[in-house]
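Peer 1: Dropping the structure in here first, questions after.
The values are calculated or read from the model by the stated rules, or taken from the named source; none is laboratory data. Keep in mind the model is a prediction, meaning the values are calculated, not measured. Here Cβ is always computed from backbone atoms with ideal geometry, including for glycine, and neighbour counts include all displayed protein chains. These accessible areas exclude ligands, DNA and RNA; they are computed on the full protein's heavy atoms, side chains included. Shrake-Rupley method; radii C 1.70, N 1.55, O 1.52, S 1.80 Å.
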Protein chains: 2
Amino acid sequence: MSTSQIGRPRAFDAEAALEKAMMVFWAQGYEGASLTDLTEAMGISRKSLYAAYGNKEDLFRKALQRYAEGPGAYIAEALQAPTAREVAMAFLAGAARANTLPGLPAGCLGVQGALAAGETGRVARDTLAEWRAHGEALLRDRFRRAVQVGDLPASADPEKIARYVMTIANGVAVQAAGGATCEDLQQVADAALRNWPPA
Amino acid sequence: MSTSQIGRPRAFDAEAALEKAMMVFWAQGYEGASLTDLTEAMGISRKSLYAAYGNKEDLFRKALQRYAEGPGAYIAEALQAPTAREVAMAFLAGAARANTLPGLPAGCLGVQGALAAGETGRVARDTLAEWRAHGEALLRDRFRRAVQVGDLPASADPEKIARYVMTIANGVAVQAAGGATCEDLQQVADAALRNWPPA
DNA sequence: AAACTTCTGCACCGATCGGTGCAGAATACG
DNA sequence: CGTATTCTGCACCGATCGGTGCAGAAGTTT
């Protein structure tokens, strides 16, 4: 977007409307969220939606980006913890909390947004798979640095540890979608990290 | 079904067609599987489908039942292992294998069949959530018996152990849907059960 | 054979899907 | 002011959604 704002300005808050769209995708999944569901929640017309965000796939990608900066920000925050173990603990504690926040959909947009899909949802599904793989790669890189610094033993396998932690987080997301509480999931996280490193 | 077979017999194998329907739901999810996708895979017409299985929700329920008896049979089998730890190991090893079988969809029908859904998929979503909860309850009961027998210490919490194991299995399902290999997931399972009991 | 029951294939239903054309309203620029 | 540019609301598009009516074919029973 350039700084020019010639022409009629839009009558809605693009960021607030995107947040609403994110919630609809989060709660109903990509294929389960119809244009009608989205526009009603966002309070705008179809035409305004397409002009501001592009088509449904574009909107989904922007909603995911918004998710990563909002409810999913715990991931980036956890990576900054001082030790590998604290990274893992912060990551799983953040997942337990973010997936069970009151007033927000249960579970994780990056998991339930499109885990299996028909032809129309394939792009969304692949986008999320790539997003999860990217998160796992960030964890792996963080654990690699921990090995270099001596925080983790040289025998530790950063890739396997990252996969282990991400698998737990994904399981937490499914459990949350099924109604598990934050305390339930925090206990699972504690148990999963009781012996460290796991691999 | 009664033993009477008056009238024209159906021209297709109901069990084989159900198996095909299961695969479509497994790969594409409830909402992503259209009637056209289903009937083409099953090799029958819409009319035959409705006469033999009921509507789409009924077909989904029957496909899930079929899944539990087929690719998901590892769950019931694992429950019969002699010790609690072997139950958990067999369960997670079975999940790692069943979620990555060549020639079959990756992941678990009970997870990706309908994790988040719109209005039309709500029944399917709740059906799967209940199915997963039922599996967790079976694990819990099995671990309770292990406590009674002395296989698990009296301080162990069967409910928490069951939740822990099921959470790992759910995470394995998500990872498999994203392309993880059986070996990858077996290593995760090994790491998750390295110290026992987990709670 | 006739009568009865069930299954099949085709065409079709209203509803909803994602997406768009168009006219007019609202702003900035000259 | 006039003109250019953008946004809004409405109606509408073809395609697909899940589901069904109907005529006739294919069996069993008597």
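Peer 1: Using unit Cβ charges (K, R positive; D, E negative) and no other charged atoms, how large, in debye to the nearest 20, is the dipole of the range A:1-107 about its Cα centre? Spell out each step's value before the answer.
Peer 2: On the way: 11 positive and 11 negative charges, 48 e Å.
Value, rounded to 20: 240 debye.
Peer 1: Count, for each residue of B:156-165, the Cβ atoms from other chains sitting within 10 Å of its Cβ, then give me the mean as a whole number. Provide the component values of the computation, followed by the final result.
Peer 2: Details: counts 0, 1, 0, 1, 5, 1, 0, 8, 9, 3.
Mean partner shielding for this stretch: 3.
Peer 1: Provide, as a two-decimal number, the C-alpha radius of gyration of chain B over 2.2 N^0.38 Å, N being how many residues it has.
Peer 2: Details: Rg = 18.8 Å, N = 199, 2.2 N^0.38 = 16.4 Å.
Here the answer is 1.14, to two decimals.
Peer 1: Dipole of the protein assembly as shown (Lys/Arg Cβ +1, Asp/Glu Cβ -1, origin at the Cα centre): which of A:78, B:173, B:121 lies farthest to the positive side?
Peer 2: Of the listed residues, the answer is B:121.
Peer 1: I'd like the interface area for chains B and A: accessible area of each alone minus the complex, both sides summed, 1.4 Å probe, protein heavy atoms only. What is it in Å² to the nearest 100? Please list the in-between numbers first.
Peer 2: Details: alone 10630 and 10680 Å², together 18290 Å².
Buried area (both sides, nearest 100 Å²): 3000 Å².
Peer 1: Still on this structure, please answer the following. For the rotation that superimposes chain B on chain A, which residue of B has the C-beta lying nearest to the axis, and at what distance in Å?
Peer 2: Chain B residue with minimal Cβ-axis distance: B:171, 1.
Peer 1: By how many degrees, between 0 and 90 and to the nearest 10, does the Cα long axis of helix A:56-69 differ from the longest principal axis of chain A?
Peer 2: 40 degrees
Peer 1: Then there's this: Taking the Cα centre as origin and putting +1 on Lys and Arg beta-carbons and -1 on Asp and Glu beta-carbons, what dipole magnitude results for the range A:14-67, to the nearest 20 debye?
Peer 2: On the way: 7 positive and 7 negative charges, 27 e Å.
With only Lys, Arg, Asp and Glu charged at Cβ, the dipole is about 120 debye.
Peer 1: Hey, for residue A:35 with labels 7 Å out along Cα-Cβ, what do the inter-copy distances come to in nm, ordered shortest first?
Peer 2: Reported distances to equivalent positions: 2.3 nm.
Peer 1: Using a ≥ b ≥ c from the Cα gyration tensor of the range B:14-67 (square roots of the eigenvalues), is it rounded, prolate or oblate, where a/c under 1.5 gives rounded and otherwise the larger of a/b and b/c decides, a/b for prolate?
Peer 2: Values: a/c = 1.34, a/b = 1.16, b/c = 1.15.
It is rounded, given that a/c, with a ≥ b ≥ c, falls under 1.5.
Peer 1: So with the 1.4 Å probe, I'd like the accessible area per residue for the range B:14-67, rounded to whole Å². Walk me through the numbers on the way to the answer.
Peer 2: Values: 2300 Å² over 54 residues.
Roughly 43 Å² per residue, with all protein chains present.
Peer 1: Count, for each residue of B:117-127, the Cβ atoms from other chains sitting within 10 Å of its Cβ, then give me the mean as a whole number. Show your work: numbers first, answer last.
Peer 2: Working: counts 7, 9, 4, 4, 4, 2, 0, 0, 6, 1, 0.
Counting Cβ atoms of other protein chains within 10 Å of each residue's Cβ and averaging gives 3.
Peer 1: Taking a label point 7 Å from Cα toward Cβ, how far is residue A:134 from its twins in the other copies, in nm, shortest first?
Peer 2: Residue A:134 label point versus its equivalents elsewhere: 3.9 nm.
Peer 1: Once the Cα gyration tensor of the range B:34-96 is found, what semi-axes does its equivalent ellipsoid get, as square roots of 5 times the eigenvalues, in whole Å, sorted largest first?
Peer 2: Details: eigenvalues 245, 22, 11 Å².
Three semi-axes, in Å: 35, 11, 7.
Peer 1: What is the helix-to-structure angle for B:84-98, meaning the angle in degrees between its Cα long axis and the longest Cα principal axis of chain B, kept from 0 to 90 and rounded to the nearest 10?
Peer 2: 40 degrees
Peer 1: Oh, and also: Roll a 1.4 angstrom probe over the protein heavy atoms and tell me the percent of accessible area of the range A:44-178 that is carbon or sulfur. Please report the intermediate quantities before stating the final value.
Peer 2: Working: 2890 of 5640 Å².
Of all accessible area on the range A:44-178, carbon and sulfur atoms account for 51 percent.
Peer 1: Rounded to the nearest 20 Debye, what is the dipole magnitude of the range A:73-192 about its Cα centre when Lys and Arg each give +1 and Asp and Glu each give -1 at the C-beta? Could the numbers behind the result be given before it?
Peer 2: Working: 11 positive and 13 negative charges, 36 e Å.
Roughly 180 debye for the range A:73-192.
Peer 1: On to the next question. What are the distances, in nm and sorted shortest first, from the label point of residue B:86 to the label points of the same position in each other copy, with each label point placed 7 Å from Cα along the Cα-to-Cβ direction?
Peer 2: For residue B:86, the inter-copy label distances come out at 4.4 nm.
Peer 1: Now for a different question. Please determine, in degrees from 0 to 90 and to the nearest 10, the orientation of helix B:122-149 with respect to the longest principal axis defined by the Cα atoms of chain B, where the helix direction is its Cα long axis.
Peer 2: Approximately 30 degrees, to the nearest ten.
Peer 1: List the trypsin sites (Lys or Arg not before Pro) in the range A:1-94 that DSSP assigns to loop (not H, G, I, E or B) and whose Cβ has at most 13 other Cβ atoms within 10 Å. Which are they?
Peer 2: Working: sites: A:10, A:20, A:46, A:47, A:56, A:61, A:62, A:66, A:85; in loops: A:10.
Those satisfying the criteria are A:10.
Peer 1: Over all directions, how big on average is the projection of the convex hull of the alpha-carbon atoms in the protein assembly as shown, in square nanometres?
Peer 2: Working: hull surface 94.0 nm².
Across all orientations, the protein assembly as shown yields a mean hull projection of 23.5 nm².
Peer 1: Find the Rg to Rh ratio for the range B:91-199, where Rh is the Kirkwood radius over alpha-carbon pairs and Rg uses the same atoms.
Peer 2: Details: Rg = 15.2 Å, Rh = 14.8 Å.
Taking Rg over the Kirkwood Rh, I get 1.02.
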